[in-house]
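For reference, the structure is listed below as structure tokens.
Only the coordinates and a few stated rules stand behind these numbers; no lab work does. Only a predicted model underlies this, so the values are computations on that prediction, with no experimental measurement involved. Ideal geometry is used to build each Cβ from the backbone, glycine not excepted, and the neighbour counts take in all protein chains shown.
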Amino acid sequence: MNHSQSSRGQSPTPHSSSKYHHPYFTPAEVDYLSEKQRGKLSVTQEERVRQNACAFLETLGARIGFPRRTIATAQNLYHRFHLFFPRKDFNYVDVSLASMYVSTKMHDTLKKPRELLAVSYAIRFPDLVAKSKHPGGQIDVDTMDQQVVERDRQRVLAIERLLLETICFNFTSRMPFPYVIKLGKAFGASKKLTKLAWRLTIDCHRTLVPIQYPPHIVALANLYVGALLSSFEQPVVPEDSGTRTPHEIAQILGNNGDWEQKYQAQVDDLEGIAHTVIDLLIQGAQSATQNTSPRTPSSPSPHPSPRTPHPLIEPQAASVPYNADQLIRLKIAMRQTEHSQRVRQPLGNADPSALYSGDDVGLLGRNEGTVRFLFGPPDAGDEI
């Protein structure tokens, strides 16, 4: 603001800032940002909310018939959103619906917000489905209170705007699934092992791994996890000619070798991802053991607490022939031979926790000042 503006009582120059899209975050950045937005929730409660949201997106996408890339991207968008916005300020259902809506735009599988809401009502309120006369068991939103439907739609659109600004309007979305097939062939994995790696990659999107590592590393890590699960405490079964056993693939990917240079990956990254995925499997195995009573058909609350997940959309990990005790033994065995974790540097020179902190986050979703949204971190060059 110059002197002439001040003397005439004019408003100061609008705030101007730049936001940079970070395709991936380091584990340290994720820990810092997650803690910042967790609020009074414990880490366990936060994880419960995250799994409820991911399971809700899984159910929503399956009922509509979205391809895997749309569902997985929606889960990634949900994770990214809560790196910058407090969990206490948003209901996970609203954020999930907005994430799915943005994902449908990114993958050209567009559905209108009212269509997403109609399916979400059927998932969240099964008692309304029972009253519905629709032959497919769907809910006709035209028969519902239109004020309620419109309020829900407006919340989805408001969060959509925040999501778009959070990703800096960068609609690029690279998925690890094609890499699973290619890497499976490259390492001589059997079809059974490749299918397990694919399923593990699906479940991997319930974690923060896909926003921390490029898709080819995510795919390679899940091939490694699949090989570990198929070989740990299992006898060696000869494979067909030209196909490696899971024991051989686990041995290759669990040690330094030429494959690191060839695939631009490092063994310590694979081991870190493997522990995250196996933790998810342990959580799923323990939940399956604890939840032995029949599920009640009563409608869950539309705003469940982190301590009481939806009974209709509990997280379910990939089906593997291990119980929680065996998976824990696998983790112990991995700890005994794992490599030291290197410190990963952020892309570019800017820390996203600084770029999206304080008053800057408050500018997202508002029309105040000028905000430049750039597709990559500053000074990242060709690293993206």
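Remarks
- Report note on the peptides 82-94, 253-265: ranked by the mean count of other C-beta atoms within 10 Å, highest first, their order is 82-94, 253-265.
- Exposure proxy for ARG155, ARG50, ARG63: other Cβ atoms within 10 Å of each Cβ, ordered fewest to most, give ARG63, ARG155, ARG50.
- For THR194, THR207, order by how many other beta-carbon atoms lie within 10 Å, fewest first: THR194, THR207
- Segment 219-229 - phi-based ³J(HN,Hα) in whole Hz, Karplus 6.51/-1.76/1.60, Gly and Pro as x: 5, 5, 5, 6, 5, 5, 4, x, 5, 5, 5
- Here the simple spin-label model places points 7 Å from the Cα toward Cβ, and for ALA186 and GLU150 these points are separated by 5.4 nm.
- Peptides 233-239, 326-332 ranked from most to least packed by the mean count of surrounding Cβ atoms within 10 Å: 326-332, 233-239.
- Packing-based ranking, highest mean first, of 274-286, 100-112 given that Cβ atoms within 10 Å are counted: 274-286, 100-112
- When each of LYS105/LYS192; LYS105/LYS191; LYS192/LYS331; LYS195/LYS262; LYS36/LYS111; LYS40/LYS331 is checked by Cα-Cα distance, pairs over 27 Å: LYS105/LYS192; LYS105/LYS191; LYS36/LYS111; LYS40/LYS331
- Under 5 Å from the amide H of LEU83 lies no amide H of any residue 5 or more positions distant or on a separate chain, with H modelled from the backbone and absent for Pro and chain starts.
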